Amino acid sequence: MDIAVIGSNMVDLISYINRMPKEGETVEAPDFRMGCGGKGANQAVAAARLGSRVLMLTRVGNDMFAENTIRNFAANSISTKYVLRTEATSGVAPIFVDPDSHNSIIIVKGANAMLSPADIDEAAEDIKQCGLIVLQLEVPPETVYAAIRFGNKHGIPVLLNPAPAQPDLILDEVCGCEYFVPNESELSLLTGMPVDSLDDIRNAASALLKSGMKNVIVTLGARGVLWVNRNRDLFVPGMEVDAQDTTGAGDAFIGCFSHYLCKTGDVEYALRMANMYAADSVTKRGTQTSYATAAQFTEKLKEADGPEK
Ligand code: ADP
C-alpha cells in the first residue's frame, strides 16, 4: 500500500430546499441526493482515483449507510480491510441547500467518534508498509495524536489536515507531523493571528514553524497555496477557472498532493499538481463526484500544458 488514510467517512444527505422550516413547521423540498463524503474518505478517493494504493482505517455503523460506504470504497479500489463495523450509527451529514446555494450542515459523527488508538494497533502491520499517513480532525484527537506517534516511531511521514477547525488541538502533540496543511481559517484559529494578506498568512505559517512544524502548506481557496519550511517559501497562485462548487476542494487538494508526494518525493511538484487537480474539482458539482481519475486529469493537464513528470 502507498498511503494510509486514518480518518472519517460520512454519508451526505442533501436536501435542496426552497426555504428552511420554522420551528414546528413541515415544508416540502423539491429534491434530495445522497452522496459519500467525510474528509478522510474524500481524500482517500482522490488519491486512489489518481492511482495510489490506499488503505482506509475508519469506522462505519451497523446500518444501511455502512454498506453504501464500503461499496463506494471498493468501487474506488480502496482497501476495505480496516473499514471496521461499530455498534453505532454511521456518520451522517444532513445538508440543506437553498436556491442561492447557501448550505446549512449538521454533522453526526456516529461511528467516527469511536475510531481509537487501539484500531491503529490492529492495522499496524499494514500501515507500516505505507509511505505516508494522512490524517484530519473528524475522529477523536487522541487517535490523531496516536497516529502521529506511530508514524514517528516507524519512520513514516505524516500529513495532518487540521480540519474541521479545532480550537482545542494541542500543537505540541501534532508538531511531529511532516506536513501540516490548514486552510486560511484553520490557520487563523490555531495561531490567533490575522490572515488577510499574503504577508499575514506567511507570518502565521512561520509562527507554526517556530512551534516545531516542519512544513506548513496553507490552502488559500481561489488564491492558490503557500508552502513554507525553514528553507523555502513558495507561493503557487490559484488557477483561473469557472468555479461551480467549491465543496471538497481542500480534500481534492490533499488527496492529490499525497498521491504525487508518494510517487515522486517532490513537494513542489506535488503542490503544483494538487493546485491544478483541486481547481479542476471546483468546476464540477458535488464532492467525490468532482474528483478526476488519472486519465481525466492527464487530459486536463494536456489542455492546460501542466508540468508532466
Ligand atoms: P477548503 O476546501 O479546505 O476550504 P480551499 O478553499 O483552500 O480548501 O481550497 C483548496 C485548494 O483548492 C486551493 O488551495 C486551490 O488549489 C483550489 N481551489 C479552491 N477554490 C478554488 C477556486 N475558486 N479556483 C481555483 N482553485 C481553487
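Structure summary
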{"item": "Translational D in µm²/s for segment 161-225 (Stokes-Einstein at 10 °C, 1.306 mPa s, Kirkwood Rh from C-alpha pairs)", "result": "137 µm²/s"}
{"item": "Percent carbon-and-sulfur accessible area, the chain, ignoring ligands, DNA and RNA, probe 1.4 Å", "result": "50 percent"}
{"item": "Peptides 264-277, 10-23 ordered by average Cβ neighbours within 10 Å, highest first", "result": "264-277, 10-23"}
{"item": "Prolate/oblate/rounded label for segment 85-220 (Cα gyration tensor, a/c 1.5)", "result": "oblate"}
{"item": "Phi-based couplings in Hz for segment 100-110 (Karplus 6.51, -1.76, 1.60; Gly and Pro marked x)", "result": "8, 6, 6, 9, 10, 10, 10, 10, 10, 5, x"}
{"item": "Among 253-262, 95-104, 139-148, the order from most to least packed when residues are scored by Cβ within 10 Å on average", "result": "253-262, 139-148, 95-104"}
{"item": "Residue-averaged [θ]222 nm for the chain, counting only DSSP H segments that reach four residues, each worth -39500 (n - 2.57)", "result": "-11000 deg cm²/dmol"}
{"item": "Cα centroid separation - segment 115-177 against segment 66-91, whole Å", "result": "20 Å"}
{"item": "Net +/- balance of residues flanking K39 in space, Cβ distance below 10 Å, scoring K and R +1, D and E -1", "result": "-2"}
{"item": "Neighbourhood net charge (9 Å Cβ-Cβ; Lys/Arg +1, Asp/Glu -1) for V236", "result": "0"}
{"item": "1.4 Å probe accessible area per residue over segment 155-309, in Å²", "result": "44 Å²"}
{"item": "Lysine pairs meeting the criterion (Cα under 14 Å, 8 or more apart or interchain), as found in the chain", "result": "4"}
{"item": "Accessible area expressed per residue, segment 1-127, with surrounding protein chains retained (probe 1.4 Å, Å²)", "result": "47 Å²"}
{"item": "Added length on full extension, which subtracts the Cα-Cα distance from 0.36 nm per residue, Q166 to K128", "result": "10.9 nm"}
{"item": "Relative contact order [Cα under 8 Å, 6+ residues apart], the chain, whole percent", "result": "16 percent"}
{"item": "Interatomic Cα distance distribution for segment 1-159, bins of 5 angstrom, percent", "result": "2, 9, 18, 20, 17, 13, 9, 5, 4, 2, 1, 0"}
{"item": "Computed FRET value (nearest 0.05) for N152 with D242, which takes r as the C-beta separation and R₀ as 41 Å", "result": "0.45"}
{"item": "Cα-derived Rg over Rh, computed across the chain with Rh taken as Kirkwood radius", "result": "0.95"}
{"item": "Total formal charge among the other residues, if their Cβ is under 15 angstrom from that of R85, Lys/Arg +1 and Asp/Glu -1", "result": "-2"}
{"item": "Average Cα contact separation per residue, segment 42-168, under 8 Å, 6 or more apart, as relative contact order %", "result": "19 percent"}
{"item": "Dipole moment magnitude, nearest 20 debye, the chain about Cα centre, only Lys, Arg, Asp, Glu C-beta charged", "result": "760 debye"}
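The values are calculated or read from the model by the stated rules, or taken from the named source; none is laboratory data. Since the model is a prediction, treat every value here as computed from it, not as a measurement. For neighbour counting, all protein chains shown are included, and Cβ atoms are generated from backbone atoms with ideal geometry for every residue, glycine included. Surface accessibility is based on the protein's heavy atoms, side chains included, excluding ligands, DNA and RNA. Shrake-Rupley method; radii C 1.70, N 1.55, O 1.52, S 1.80 Å.
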